[in-house]
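For reference, the structure is listed below as structure tokens.
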Amino acid sequence: MTALATFAVVTALLTGFVRLGHAVTEQARLQSVADGVALAAADHGEEVARYIAQSNGISDVAMTVVVDDILVTVSRDGLVARARASTAP
């Protein structure tokens, strides 16, 4: 009985680690997309930035211009990433 309980605990822990790893990986991917969208918006404008977001499976994009900065927020599957790029020389 103890071996079965130990197996169940180890299995539960491993499942948790796999889910955590997946969430961390997805957040990193989303942050990369946010960074790319912000840079694209700064260099090429909002239309190109939205195309890049859409090409990466992101449909929820918010862009705000504050003086020389472009602030971008993207979200997918409950995860959110923010990035900022500057248009200043």
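Overview of values
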quantity	calculated
Residue in the stretch 57-71 that is modelled with the lowest pLDDT, counting only those that are within 27 Å of L20 (Cα to Cα) and out of contact with any Leu (no Cβ under 9 Å at 6 or more places or on another chain)	S59
Residue check for A40: modelled with pLDDT of 95 or more and in contact with a Phe, Trp or Tyr (Cβ under 9 Å, 6 or more places away or on another chain)	yes
Residue in the stretch 5-24 that is closer than 22 Å to T87 by Cβ and polar (S, T, N, Q) present	no
Count of residues meeting criterion [aliphatic (A, V, I, L, M) and under 11 Å from the mean Cα position of the chain (by Cα)] in the stretch 1-36	6
Filter result (among the small types (G, A, S) and either touching a residue at least 40 places away in the same chain (Cβ under 8 Å) or loosely packed, with under 12 Cβ neighbours inside 10 Å (or both)) within the stretch 46-56	S55
Among the residues listed as A12, A23, A5, A41, the single one being part of a helix (DSSP H, G or I), touching a helix residue (DSSP H, G or I) at 6+ places or on another chain (Cβ under 9 Å) and small (G, A, S)	A41
Test: R76 is basic (K, R), surrounded by 15 or more Cβ atoms within 10 Å (Cβ to Cβ) and at pLDDT 95 or above	no
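The values are calculated or read from the model by the stated rules, or taken from the named source; none is laboratory data. Every value quoted in this text rests on a predicted model; they were computed, and no experiment measured them. Cβ: placed from backbone, ideal geometry, glycine included. Neighbour counts: every protein chain shown.
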